[in-house]
1. Within the bounds of the range A:97-105, is there any residue that is more than 7 Å from every other protein chain (Cβ to nearest Cβ), farther than 20 Å from residue B:15 by Cα and crowded, with 22+ Cβ neighbours inside 10 Å?
2. Considering (1) within 26 Å of residue A:7 (Cα to Cα); (2) at the interface with another protein chain (Cβ under 8 Å from one of its Cβ atoms); (3) surrounded by fewer than 19 Cβ atoms within 10 Å (Cβ to Cβ); (4) touching a helix residue (DSSP H, G or I) at 6+ places or on another chain (Cβ under 8 Å), say which one residue A:89 fails and leave the rest.
3. All but one of (1) closer than 25 Å to residue B:16 by Cβ; (2) part of a strand (DSSP E or B); (3) in contact with a helix residue (DSSP H, G or I) (Cβ under 9 Å, 6 or more places away or on another chain) hold for residue A:5; which doesn't?
4. So, residue B:46, is that one on the phi < 0 side of the Ramachandran plot, in a loop (DSSP other than H, G, I, E, B), modelled with pLDDT under 85 and touching a helix residue (DSSP H, G or I) at 6+ places or on another chain (Cβ under 9 Å) or not?
5. Return the total of residues in the range A:106-120 being closer than 22 Å to residue A:22 by Cα and more than 8 Å from chain B (Cβ to nearest Cβ).
6. Taking into account only those residues within the range A:85-106 that are free of Cβ contacts under 8 Å to residues at least 60 places away in the same chain and touching a strand residue (DSSP E or B) at 6+ places or on another chain (Cβ under 7 Å), which is farthest from residue A:46 (Cα to Cα)?
7. Which of the residues belonging to the range A:8-25 are surrounded by 14 or more Cβ atoms within 10 Å (Cβ to Cβ) and closer than 19 Å to residue A:90 by Cα?
8. Checking residue A:42 against (1) loosely packed, with under 12 Cβ neighbours inside 10 Å; (2) modelled with pLDDT under 95, which single condition isn't satisfied?
């Protein structure tokens, strides 16, 4: 059954970094605003109002849009169709987004500290050293 | 020179960080910048350096009574 799921355990605090991370993982049709409506392509998909929308069919999300709802806390929470969880970016949408977001966080921290960055990838782990 | 070592697990997207080269609780300033952007950590441990005194101690002015 196709229905939109809200991932409340995955939150992104900074909108600018979130959008940059989405671009990093290949989302190039990002809609932003307030109270944007996610598409309802199947009867089971309830209406969702969000702040960021990745349109259907842009990164393997065959069944619906991907949205980010702004919570009262200011955090952004992803909403994805149940059937797209295993399809968007070959089922790695959330993990790739978290990785890209965290890399953006590191860059922002380094910029604030006026530090230098040294990045390596070893055995499935990105290692970043910031000196300041 | 102070440094922060970040490790990001590509399989899960989870990140760990370790602050080195800062004596005393000043490293909290750095972690505050990070938590503003990613939220509170699941787990937090202070290293031995946290409990060491910084080489420059803040000047403390005695309060005058009355």
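1. no
2. Residue A:89 satisfies all of (1) within 26 Å of residue A:7 (Cα to Cα); (2) at the interface with another protein chain (Cβ under 8 Å from one of its Cβ atoms); (3) surrounded by fewer than 19 Cβ atoms within 10 Å (Cβ to Cβ); (4) touching a helix residue (DSSP H, G or I) at 6+ places or on another chain (Cβ under 8 Å) except (2).
3. (1)
4. On the way: on the phi < 0 side of the Ramachandran plot: yes; in a loop (DSSP other than H, G, I, E, B): yes; modelled with pLDDT under 85: yes; touching a helix residue (DSSP H, G or I) at 6+ places or on another chain (Cβ under 9 Å): yes.
So residue B:46 passes the test.
5. The total comes to 6.
6. Taking the range A:85-106 as the starting set, the residues that turn out to be free of Cβ contacts under 8 Å to residues at least 60 places away in the same chain are A:86-88, A:90-92, A:95, A:99, A:102, A:106.
Restricting the remaining residues to those that are touching a strand residue (DSSP E or B) at 6+ places or on another chain (Cβ under 7 Å) gives A:88, A:99, A:102, A:106.
Numbers: A:88: 19, A:99: 29, A:102: 31, A:106: 36 Å.
So the residue we want is A:106.
7. Of the range A:8-25, the ones surrounded by 14 or more Cβ atoms within 10 Å (Cβ to Cβ) are A:10-15, A:17-22, A:24-25.
The answer is A:10, A:21, A:22, A:24, A:25.
8. (1)
The values are calculated or read from the model by the stated rules, or taken from the named source; none is laboratory data. Computed from a predicted model, the values in this text were never measured in an experiment. Note that we place each Cβ from the backbone using ideal geometry, even for glycine, and neighbour counts take in every protein chain shown.
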